[in-house]
1. Each residue of segment 300-310 in turn: what ³J(HN,Hα) in whole Hz from Karplus with 6.51, -1.76, 1.60 and θ = phi - 60°, glycine and Pro shown as x?
2. What is the gain in length, in nm to one decimal, between Glu157 and Ser43 on full extension, counting 0.36 nm per residue of separation less the C-alpha to C-alpha distance?
3. Ignoring ligands, DNA and RNA, what percent of the 1.4 Å accessible area of the chain is carbon and sulfur?
4. Take the alpha carbon atoms of segment 225-269, find their center, do the same for segment 308-385, and report the distance between the two centers in whole angstrom.
5. As an exercise, identify the trypsin sites (Lys or Arg not before Pro) in segment 217-295 lying in DSSP coil whose Cβ has no more than 15 other Cβ atoms within 10 Å.
6. Note the direction-averaged projected area, equal to a quarter of the hull surface, for the Cα convex hull of segment 330-376, in nm².
7. What are the residues whose amide H is under 5 Å from the amide H of Phe48, where those residues sit 5 or more places off or on another chain and H is modelled from the backbone?
8. What area, in nm² and to one decimal, does the C-alpha convex hull of segment 294-387 cast on average over all directions?
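The values are calculated or read from the model by the stated rules, or taken from the named source; none is laboratory data. What you are looking at is a predicted structure, and each value in this text was computed from that prediction instead of being measured. Backbone-built Cβ (ideal geometry, glycine too); neighbour counts: all protein chains shown. These area figures cover heavy atoms from the full protein model, side chains too; ligands, DNA and RNA do not enter into them. Shrake-Rupley method; radii C 1.70, N 1.55, O 1.52, S 1.80 Å.
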Amino acid sequence: MNYHLMVDDKFINGFIHDAEKVAPGKNVYLIDNWKNKAKFVKSDLVTFVPFYTPAFAAILKKVTDKDRVFVHWASDLAVKAVLSLPPNVTTGMFFWGGDVVEIPAFRFKKTIYGPLSLEYFEKNEERPKLKFNPMRPKRVLTSFAQRFFNYKGPDREIARTRERFFKRLNLFLHWSHIDYQWLLNHYTTPAEHKYFYYDVGQKPDAAEQALMNAPKDNSITTILLGNSDTITNNHLEALQALSAYKNQPIKLVIPLNYGNDKYADLVEKEAIRIFGADKVMALRTFMQRDEYYKMLAQVDVSVMFHYRSQAAGNVLALLYRGKKVFIHGRSTLYQLLHTNDIAVFDSAKIGEMDFKEFKAPLDQGAIDKNIDIVNRLFNEDEKLESLKQVLN
């Protein structure tokens with residue numbers, strides 16, 4: 001049996017569909033959440049069982065060396081669950097990104113954040129919050145010590161645990177060999193690379209195509225900035241780079257509805273300060289997937305300033321829609337697409353371009369070539385065949 005340790009996320013439904021297609025009845029799907037709190041996963045095949053509960057521990061005890069256990073998002077609890085398994089159980093990880101290249105923070109923060117974003121992270125996110133209760137003075141002292149003197153202690157323990165986890169790992173499932181090489185460069189692991197991708201980058205349907213073909217106000221350039229309100233978007237650096245065009249006829253669309261509200265407030269205020277409220281549209285409420293893709297159809301240029309691999313679903317969707325996409329050259333996603341001759345552009349060079357060059361659309365030949373190469377890199381038949389071999 002295949003045991004899947006999962007989180008409640010929009011990609012999971014598609015994975016369950018694929019897994020049942022290639023290995024029907026051979027999978028146990030465990031979601032680290034209570035059913036009444038789930039927002040995305042709706043499948044009847046799922047068991048909702050938080051990983052800290054005795055019920056989850058009881059399920060793990062049933063796992064034998066004839067079973068396989070796969071992690072979909074390497075949370076601390078999922079990592080510890082894998083380390084508790086009998087030594088001969090085959091284990092695998094479906095790589096997402098942030099669950100690996102952001103943790104532990106002290107080890108990777110200087111490689112994933114720009115200087116402004118790093119300053120914000122260290123001030124607001126890295127250290128635990130103070131817990132002030134005058135009725136419990138010892139707890140106040142402990143909280144103070146944890147914030148100002150020993151805040152790296154938990155991270156160091158996480159680092160040691162993850163070193164053990166990757167030494168224990170057998171399979172690394174992901175679509176990018178460059179990210180696999182990143183893993184080998186940072187951890188000692190016997191994990192074998194297997195090809196897989198979640199259902200991302202939906203192609204435009206007929207309704208969207210009609211939207212893209214409809215007459216558009218070409219006097220305004222619509223720029224999509226980032227994919228979420230997470231600090232790894234490096235919004236502050238991106239806004240600084242884009243400020244070169246603040247007096248141009250532009251509209252900034254900034255998705256800030258998937259992450260940290262406090263950080264989203266900062267980004268929205270900074271964007272308005274630089275560009276003015278009339279040029280900024282911050283997306284602060286959840287959008288259904290179809291509506292979000294329709295919004296992408298109206299975008300002219302996309303700017304992703306992540307230093308790490310992130311926003312692949314958005315980038316692929318934009319390429320399928322013929323959009324001009326900027327990704328930071330440090331990103332392994334940029335490196336993969338660029339080395340495969342896809343026409344993407346380096347966000348780090350935005351400040352060096354005049355506005356005419358920045359906004360210039362791709363010609364139809366480049367659009368068609370991009371789509372052909374993306375279809376080759378993200379091949380449905382190859383994905384299902386690889387998944388079939390892994391799950392059977």
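1. Karplus values, whole Hz, x for Gly and Pro: 9, 9, 10, 10, 10, 10, 5, 8, 10, 5, 7.
2. On the way: separation 114, 0.36 × 114 = 41.04 nm, distance 3.54 nm.
Contour length minus the Cα-Cα distance gives 37.5 nm.
3. Numbers: 10010 of 18980 Å².
That fraction is 53 percent.
4. Here the two parts' Cα centres lie 20 Å apart.
5. Numbers: sites: Lys246, Lys251, Lys262, Lys269, Arg273, Lys279, Arg284, Arg289, Lys294; in loops: Lys246, Arg284.
Taking segment 217-295 and a limit of 15 other Cβ atoms within 10 Å, the loop trypsin sites (Lys or Arg not before Pro) found are Lys246, Arg284.
6. Values: hull surface 14.5 nm².
Result: a mean projected hull area of 3.6 nm².
7. Long-range HN contacts for Phe48: Ile31.
8. Numbers: hull surface 26.6 nm².
For segment 294-387, averaging the hull's shadow over all directions gives 6.6 nm².
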